[in-house]
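A short worksheet on the structure shown next.
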2 protein chains.
Amino acid sequence: MYSRLVQRVAVVAGVHGNEWTGIHLVKKFQQFPALIMRSSFETLTLMANPKAVEANLRYVDKDLNRCFNKQDLSNPELIVSYEDRRAKEISALLCPNDKQNVDVVIDLHSSTANMGMTILPISKEPFNLGLCDYLSACYPEVRVCFGERYGQESPMLRSLAPYGCAIEVGSVPQGVLSAHQLQQTEMLVHAILDYVDANNQRKLLPTPNNLTVYQAIGSIDYPRDLAGELQAVVHPQLQFQDYKPLHPGDPIFLMSTGETISFQGKTTVFPVFINEAAYYEKHIAMILTEKQRLS
Amino acid sequence: MYSRLVQRVAVVAGVHGNEWTGIHLVKKFQQFPALIMRSSFETLTLMANPKAVEANLRYVDKDLNRCFNKQDLSNPELIVSYEDRRAKEISALLCPNDKQNVDVVIDLHSSTANMGMTILPISKEPFNLGLCDYLSACYPEVRVCFGERYGQESPMLRSLAPYGCAIEVGSVPQGVLSAHQLQQTEMLVHAILDYVDANNQRKLLPTPNNLTVYQAIGSIDYPRDLAGELQAVVHPQLQFQDYKPLHPGDPIFLMSTGETISFQGKTTVFPVFINEAAYYEKHIAMILTEKQRLS
């Protein structure tokens, strides 16, 4: 239970314009607004990067979800790229003059990695941890994953609100609609709206005693040559094994020459976003996490 | 056995610049040319659409694999789009002045559909049917699929050569390298080169008595509204079921409203390219085929 009542929730899609799952759902919610209405708060929809959606590209000039750190948003000279301008527009909408106009953001993403139903909470605020508890109680296959940066340090759209999360479903290719991932995302959106509504109405919700979370601790790039060309691919034994333990010495990459590269870490980790299409250019073959229990 | 000897084979990739499987393999073959050398013929490599590869897009201006019909190639005014110009360059390379400079094309593609190891022969020439026989004998999971158009009517790059095929592996997202599909494609390239070499040397190769082929007979688009927006997705029971029988009345699409649309055909068909990312813009949700036996 949290003292502050939620007045406004934003369901956001198209932060990346080729992640069709959320985009299709938000269009559906715009057509049938009653689906996301609840009695105790208002729900908005936002298509974050309409130009990228139109072009079926992740972005037009640069990744919109790296344009939201406070310094960039308040820099009036940072207006050359479309996404920098769009970030300022979205910021003015969600928190004009640093006043919170939207309390909860639900940011819909998809991944070519086998992310299943992943929740990336905006922060470790009790409200958000309670949300993760509730979603895990509703759907035991939900995984909760924490990034490395939060709040003012985070360049992500969702950092504009104190409460909420990103939903990351997969594996689904970019530019493809899959019924399975659409259904999973829609179920999660409804469960989140139910959680906010129940919290506003001071209703008790079922939550587990222990919450398992995956805390990002770093990332690994593909082996490359001096020109930056890939020399290896994710090892077939690791492909689609997101959230499974990776032990020191386990196969991690398969070189073009046929050689297997094994994991050089000293402890067991749990890789996620394995072979995500959008992360090649970020030099990320996978993100490593530690499995933790919060009680 | 065919009277004509093959002098030159082209291994082609990047006809679509975001289909990384073939692109990565051709780069590997360019680095290690011995891999694709055989004693009885010369093997070239060709990166068909380097600008699209650089941009990680299917194409820059238009689909290159729709630029190769004879009329367009001989139209000197058709030079506005990059792909129309590039098609003329490739045509001049593979068959200058209508003289065959390359006898066999192996054109490497990938699909977001569950195409497994699909061979799309250039034509029903005995040489190409023998190739399909041989590949099926090597790898029983190989599927042979015939398009609707051949020869001068076909706008595809591979129609520039009399012999050869496209290889279509999947499911793999665009802009992703998957070890499994890389291995499958590489195995098939080697088997094709072996077939050409054996044929040149008049060696007998094992072939099955019967060849099963899938002949394209048409396609189905997604249900759309008047503005062209998708109103449905491929039904979860049909997703990834490429090459499986689809009977009249079977579920085919799932509407946003939850309603199931069933297949209205009068006979059993075998859909392929189900939910291929690149085919949304072509208004193709799947291509329907008939299963046939050639003996």
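List of remarks:
- Qualifying residue in region A:189-208 (condition: closer than 19 Å to A:Glu281 by Cα, modelled with pLDDT of 95 or more and within 14 Å of chain B (Cβ to nearest Cβ)): no
- Answer from B:Gly130, B:Gly116 - the residue that is small (Gly, Ala, Ser) and either over 19 Å from the mean Cα position of the chain (by Cα) or over 30 Å from A:Ala113 (Cα atoms) (or both): B:Gly130
- For B:Leu131: the one exception among (1) of a type outside the set (Val, Ile, Thr); (2) within 30 Å of A:Gln174 (Cα to Cα); (3) touching a residue at least 12 places away in the same chain (Cβ under 8 Å): (2)
- Taking every residue in region B:168-181 that is facing another protein chain (nearest Cβ under 8 Å) and on the phi > 0 side of the Ramachandran plot and pairing it with any residue that is open to solvent by 10 Å² or more (accessible area, probe 1.4 Å) and in a helix (DSSP H, G or I), at least 6 positions away or on another chain, the pairs with Cβ-Cβ distances below 8 Å are B:Gly175/A:Ala277; B:Gly175/B:Trp20.
- Pair list, Cβ < 7 Å and 6+ apart or interchain, from region A:239-258 residues that are free of Cβ contacts under 8 Å to residues at least 60 places away in the same chain to residues that are of a type in the set (D, E, K, R): A:Pro248/A:Lys266; A:Ser256/B:Lys28
- Selection within region A:213-251: residues that are aromatic (Phe, Trp, Tyr) and within 11 Å of chain B (Cβ to nearest Cβ). The member of this set that is farthest from the chain's Cα centre (by Cα) is A:Tyr222.
- Within region A:257-277, the residues that satisfy the criterion of being touching a His at 6+ places or on another chain (Cβ under 8 Å) and farther than 21 Å from A:Val144 by Cβ are A:Thr260, A:Ile261, A:Phe263.
- From A:Ser136, A:Ser159, A:Ser111, residue being under 30 Å from A:Val233 (Cα atoms) and in contact (Cβ under 8 Å) with a residue 40 or more places away in the chain: A:Ser111
- Qualifying residue in region B:33-45 (condition: surrounded by 14 or more Cβ atoms within 10 Å (Cβ to Cβ) and either under 18 Å from the mean Cα position of the chain (by Cα) or more than 25 Å from B:Leu188 (Cβ to Cβ) (or both)): yes
- Filter result for A:Tyr214 (among the aromatic types (Phe, Trp, Tyr) and more than 28 Å from A:Ile23 (Cβ to Cβ)): no
- When B:Tyr222, B:Tyr214, B:Tyr195 are checked against the criterion of being buried (at least 16 other Cβ atoms within 10 Å of the Cβ) and within 30 Å of A:Ala277 (Cα to Cα), a single residue qualifies: B:Tyr222.
- Against the conditions (1) away from every other protein chain (no Cβ under 13 Å); (2) open to solvent by 10 Å² or more (accessible area, probe 1.4 Å); (3) in contact with a Ser or Thr (Cβ under 8 Å, 6 or more places away or on another chain), A:Lys51 satisfies every one except (3).
- Search result, residues across region B:190-216 that are farther than 17 Å from B:Arg143 by Cβ and in contact with a strand residue (DSSP E or B) (Cβ under 8 Å, 6 or more places away or on another chain): B:Leu193, B:Asp194, B:Val196, B:Asp197, B:Asn200
- Strands (runs of 3 or more DSSP E) fully within region A:252-295 counting 1 or more residues that are open to solvent by 60 Å² or more (accessible area, probe 1.4 Å) and more than 14 Å from chain B (Cβ to nearest Cβ): A:286-294
To keep it simple, each residue is scored yes or no on (1) within 19 Å of B:Met47 (Cα to Cα); (2) in contact with a Pro (Cβ under 7 Å, 6 or more places away or on another chain).
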residue: B:Leu108; (1), (2): yes, no
residue: B:Asn114; (1), (2): no, no
residue: B:Ile119; (1), (2): no, no
residue: B:Gly130; (1), (2): no, no
residue: B:Ala137; (1), (2): no, yes
residue: B:Pro140; (1), (2): no, no
residue: B:Glu148; (1), (2): no, no
residue: B:Glu153; (1), (2): no, no
residue: B:Met156; (1), (2): yes, no
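- Residues that are touching a strand residue (DSSP E or B) at 6+ places or on another chain (Cβ under 6 Å) and of a type in the set (Gly, Ala, Ser) do occur in region A:103-112, at least one of them.
- Test: residue in region A:120-139 that is away from every other protein chain (no Cβ under 14 Å) and closer than 22 Å to A:Asn56 by Cβ: no
- The residue that is farthest from B:Val169 (Cα to Cα), among those in region B:134-158 that are of a type in the set (Phe, Trp, Tyr) and open to solvent by 20 Å² or more (accessible area, probe 1.4 Å), is B:Tyr150.
- Residue in region B:164-176 that is modelled with pLDDT of 95 or more and either open to solvent by 50 Å² or more (accessible area, probe 1.4 Å) or basic (Lys, Arg) (or both) present: no
- Residue match in region B:59-68 (condition: modelled with pLDDT of 95 or more, in contact with a Gly (Cβ under 6 Å, 6 or more places away or on another chain) and on the phi < 0 side of the Ramachandran plot): no
- Taking the criterion of being assigned to a helix (DSSP H, G or I) and over 17 Å from A:Leu57 (Cβ atoms), the residues of region A:16-40 that qualify are A:Leu25, A:Val26, A:Lys27, A:Lys28, A:Phe29, A:Gln30, A:Gln31, A:Pro33, A:Ala34, A:Leu35, A:Ile36.
The values are calculated or read from the model by the stated rules, or taken from the named source; none is laboratory data. The structure presented is a predicted model; accordingly, all values stated were derived computationally and were not measured. Don't worry about glycine lacking a Cβ; one is built from the backbone with ideal geometry, like all the others, and counts go over all protein chains shown. Note: accessible area is taken over every heavy atom of the protein model, side chains too, but ligands, DNA and RNA are not part of it. Shrake-Rupley method; radii C 1.70, N 1.55, O 1.52, S 1.80 Å.
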